[in-house]
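The values are calculated or read from the model by the stated rules, or taken from the named source; none is laboratory data. These figures come from a predicted structure and were not determined experimentally. Note: ideal-geometry Cβ built from the backbone for every residue, glycine included; neighbour counts use all protein chains shown.
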Amino acid sequence: MNNDEKPVDDATPAASSSREEEQASHEARSAIDEALQDAVDEVMNEEMFSAADAAELAPEVDELGQLLLKVEEAEQRALRNQAELENFRKRVYREMAVERQYSEESLLRELLQVVDNLDRAYQAASDDSSENTGILQGMQMVRQQFLAVLESHHCKRIEAQGAPFDPNFHEAISQSPHDEIPTGHVIQVVVEGYVLHDRVLRPTQVLVSSGSGEQANT
């Protein structure tokens, strides 16, 4: 078992009730078997088994039938409780797994803001690349390190440039005609989007092609 996993306590009301009913069912079954055996022994020891004897045993037979019915009902309740307990255990394990999988979501969102700020600073510094070459290289290295950390935590960038627009991963902020990129495809990525495992941390903000200028005017 993973050290992070917390074992589900079996001492739940459902589990306790199930064990008590199973024990009661076992005790009742034993009592019935013993009573039946005593009745059989008594009959076998009698030389004659008359109608009067049958009438005398009728209440006991009826009582045994009622006990058998109660035992069957107790067994059914125990089976239902056991099934409910197993479903509860599975649900708890699933919820714990999801919680662990996405436990770093808020931290990763904050790191994405740092990457965004680096991109803005890089863009501002690149206006005069002849003087800021060393700074730009350093900023790129820091950015790559941030992206490596994100990827090590299963946070990956959404590929969008030139791809068909997908509302599940992309957020269109504008449409524009384009002679080379077909209608409904991404012209430009404005803000990078990322996914954590299979969950979108934030969609990619994009410009979407509305087709060539001639198509847009028709």
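Data table
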{"read-out": "Arg157 vs. criteria under 22 Å from Val98 (Cβ atoms) and either at pLDDT below 90 or of a type outside the set (Phe, Trp, Tyr) (or both)", "value": "no"}
{"read-out": "Filter result (loosely packed, with under 12 Cβ neighbours inside 10 Å and of a type in the set (D, E, K, R)) within segment 75-99", "value": "Glu86, Lys90, Arg91, Arg94, Glu95, Glu99"}
{"read-out": "Residue in segment 168-178 that is more than 21 Å from Asn117 (Cα to Cα), outside the structural domain of Gln113 (by TED's automatic domain parsing) and among the β-branched types (Val, Ile, Thr) present", "value": "no"}
{"read-out": "Some residue of segment 97-106 being assigned to a helix (DSSP H, G or I) and touching a Lys or Arg at 6+ places or on another chain (Cβ under 8 Å)", "value": "yes"}
{"read-out": "Residues satisfying the stated conditions in segment 147-166, i.e. in a helix (DSSP H, G or I) and loosely packed, with under 15 Cβ neighbours inside 10 Å", "value": "Ala148, Val149, Glu151, Ser152"}
{"read-out": "Only one of Ser130, Ser126 that is modelled with pLDDT under 85, out of contact with any Cys (no Cβ under 9 Å at 6 or more places or on another chain) and outside any helix (DSSP H, G or I)", "value": "Ser130"}
{"read-out": "Qualifying residue in segment 177-185 (condition: farther than 30 Å from Arg100 by Cβ and polar (S, T, N, Q))", "value": "yes"}
{"read-out": "Residue selected from segment 110-156 under the condition touching a helix residue (DSSP H, G or I) at 6+ places or on another chain (Cβ under 9 Å) and hydroxyl-bearing (Ser, Thr, Tyr), by the criterion nearest to Arg199 (Cα to Cα)", "value": "Tyr122"}
{"read-out": "Candidates Asn117, Asn132 - the one that is surrounded by fewer than 15 Cβ atoms within 10 Å (Cβ to Cβ) and free of Cβ contacts under 8 Å to residues at least 60 places away in the same chain", "value": "Asn117"}
{"read-out": "Close pairs from segment 142-167: first without any contact (Cβ under 8 Å) to a residue 60 or more places away in the chain, partner assigned to a strand (DSSP E or B) and polar (S, T, N, Q), Cβ under 7 Å, at least 6 apart", "value": "Ile158/Thr204; Ala160/Thr204"}
{"read-out": "Which numbered condition Arg157 misses (of (1) within 37 Å of the chain's Cα centre (by Cα); (2) farther than 20 Å from Leu107 by Cα)", "value": "(2)"}
